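Colleague: Handing you this structure, nothing more for now.
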Amino acid sequence: MSVTSLSGTYYILGQTGTYLELTDNNLGTNLTTSHYSGSQGQQWILALATGPSASSTVYTVKNVQYQTYITYNVTQNPVHFVGQRSSPYYWFVETYQTGYAFSADSSFDYSWNVNNGYSSDNNPVILWACCEFWVLSPVSTANSSASSTGSSSNKTPLIIGLSVGIPVGIVAIVVIIVLIRRALEGTTAILGVNTE
């Protein structure tokens with residue numbers, strides 16, 4: 001099923017737990033995946049475009065940092081690597097499992113996949129037998145400005161919450177245990193029970 005309302009700026013997360021990323025602006029450079037950094041190299045603008053026929057819904061996918069488009073050139077690319085170029089390339093997008101599949105044609109016989117399905121950094125994206133799903137996470141205005149200065153992601157509140165919350169929770173549990181022990185010791189003394 002195709003979709004028609006995805007125009008926006010996103011982080012694009014693959015099934016491998018890594019994000020689409022460009023690491024330079026050299027035309028033809030392979031699209032890769034890496035763990036989340038929040039950089040503009042991992043931010044993508046999806047723009048609705050007119051496809052090869054009036055009934056086709058396609059998108060261009062443009063990198064925020066380098067202002068280049070994700071592309072696929074079958075004549076110069078026998079190994080199916082997905083790269084970048086300066087002019088728009090049109091991708092078919094449809095919902096698939098819990099995300100979206102991106103394909104160079106409407107058949108979706110081949111779609112974006114992480115080469116060998118590796119979850120380490122700097123793995124190339126390839127066109128391969130359908131389908132790997134990709135999750136689109138909107139980039140907020142705050143994240144856009146924070147990532148341009150090299151700051152961390154929108155995951156910061158969770159990390160701060162855990163780093164503050166866990167030690168405070170442990171201290172609270174220890175205090176409760178001490179109070180319970182003292183209360184029990186006081187009860188046994190009042191009852192005249194010898195605990196030795």
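Colleague: Out of residues 5 or more away from Tyr36 or on other chains, whose amide H comes under 5 Å of its own, with H placed 1.01 Å from N in the peptide plane?
Modeller: Those qualifying (amide H under 5 Å, at least 5 residues apart or on another chain) are Tyr19.
Colleague: Hey, can you rank 58-71, 15-28 by average C-beta count inside 10 Å, highest first?
Modeller: The packing order, highest mean first, is 58-71, 15-28.
Colleague: While we're on this one: Sequence-distant or interchain residues sharing an amide H contact under 5 Å with Asn123, placed H: which?
Modeller: Sorted by chain and number, the residues that satisfy this are Thr33.
Colleague: Just the number please: accessible area per residue for the range 6-135, 1.4 Å probe, all protein chains included, in Å².
Modeller: 44
Colleague: Starting from the 7 Å offset along Cα-to-Cβ, what nm value, one decimal, do you get for the label separation of His35 and His80?
Modeller: In this crude label model, His35 to His80 measures out at 2.8 nm.
Colleague: Can you give the FRET efficiency to the nearest 0.05 for Asp24 and Ser140, using r as the Cβ-Cβ distance and R₀ = 30 Å?
Modeller: Taking R0 as 30 Å, the efficiency between Asp24 and Ser140 is 0.70.
Colleague: Run the quick spin-label model on Ala129 and Leu48: label points 7 Å from Cα toward the beta carbon, then report their separation in nm to one decimal.
Modeller: 3.5
The values are calculated or read from the model by the stated rules, or taken from the named source; none is laboratory data. Given the structure is predicted, the values throughout are model-derived calculations rather than measurements. Using ideal geometry, Cβ is built from the backbone for each residue, glycine included, and neighbour counts are taken over all protein chains shown. Calculation scope for accessible area: heavy atoms of the full protein, side chains included, ligands and nucleic acids excluded. Shrake-Rupley method; radii C 1.70, N 1.55, O 1.52, S 1.80 Å.
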